[in-house]
Ligand code: SF4
Ligand code: MG
């Protein structure tokens, strides 16, 4: 399998200004040392509660916000070493779809013009072929060529997301980052858009990095899943392993909140108390210790590293006590 995206020790610390001189008095550690790999043709999801750093990770990869440190290798190229012009060119291979496509669609352009502009900027389709390609794209995303001369406001939310997808496809990308791309849509429309994304993935050999707070949505589209908490990865696994055999207490708590796909294998329910702590001064040791029902004194001191758990199928979790919790040696205290 070919690596298409390799993120290494990515950090995004946003300065907080304050005092009479507007000095930097602290940092929001939105992403704090995140590493993962995405292989060609797969869908990797990043899940977690709002504020866990999942969108920030996506934006840092795209350099919509310059990351504080780390490495982002895309198709063998070190993205962070590119200058602005080179990066703009690279964006042809690396597209993004946001939650609200309306915000990124020019209201004064027709759908045809929007797609034509995308092709012209990135030089993907020669002028004389553009009309034909626009027709094709609109058919592909299920809108139909007759919609070409209509404006974004004339479409429903689901249709606008299809326009956003068509625009991403217009530049023939390798990887698409979907940031809460279906979160604003009704459940039935969500399913349609997810099915469309799956169909397109096969047709165009696309790779997706799918960012969502919704494990129910992620379940339908992912090959592998990354769970983030307070700027760090707490668990990575293939979908089946994560849903049937979650190892990190935080992942277990997230899964406790949604109906099981394997009701015969009842999981112990872990209900979280309290809010996510501030990423300005995240808890020492394991960042989850303030909410973890298994936390010990060691958890308040020692940062758990992401390590292989379960078997050698790539399932990793960052918790000192994965084995003891699985074996029932440790019981939840709250
Ligand atoms: Fe809970 Fe400790 Fe494991 Fe962190 S390391 S998840 S606090 S048991
Ligand atoms: Mg977000």
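We did not get these values from a lab; they are worked out from the coordinates using the rules stated. Remember, predicted model here, so these are calculated numbers, not experimental data. In this analysis, Cβ positions are derived from the backbone assuming ideal geometry, glycine residues included, and neighbour counts consider all displayed protein chains.
Structural remarks
- For the chain, averaging the sequence separation of C-alpha pairs within contact (under 8 Å, six or more residues apart) and dividing by the residue count gives a relative contact order of 19 percent.
- Of every Cα-Cα pair in region 64-193, the percent that sits beyond 26 Å: 26
- Axis of helix 127-140 versus longest Cα principal axis of the chain: the two differ by about 50°, to the nearest ten degrees.
- For the peptides 114-126, 272-284, the ranking by packing is 114-126, 272-284, with the highest mean count of neighbouring Cβ atoms within 10 Å listed first.
- Cβ crowding within 10 Å ranks 303, 310, 234 as 303, 310, 234, fewest other Cβ atoms first.
- Sorted by Cβ neighbour density within 10 Å, fewest at the top, the residues 204, 250, 229, 102: 204, 102, 229, 250
- Order of 241, 156 under a 10 Å beta carbon neighbour criterion, fewest first: 156, 241
- Mean projected area (nm²) of the alpha-carbon convex hull when region 161-219 is viewed from all directions: 3.7
- Relative to the dominant Cα principal axis of the chain, helix 157-170 is inclined by about 80°.
- The distance from the alpha carbon centre of region 142-165 to that of region 83-117 is 15 Å, rounded to a whole number.
- With the helix formula -39500 (n - 2.57) applied to DSSP H stretches of n ≥ 4, the chain reaches a computed 222 nm mean residue ellipticity of -9000 deg cm²/dmol.
- Extents of the chain, largest first, come to 68, 59, 37 Å (Cα atoms, principal axes, whole angstrom).
- Comparing 43, 296, 57 in a Gaussian network model of the chain where C-alpha atoms under 10 Å apart are linked, the largest mean-square fluctuation is found at 296.
- Tilt relative to the chain, helix 187-204 - C-alpha long axis, 0 to 90 degrees, to 10: 70
- Bridge type composition, the chain - antiparallel percent by DSSP, nearest 5: 60
- Geometric descriptor of region 105-172, per residue, is 72 Å³ (volume of the convex hull of the Cα atoms).
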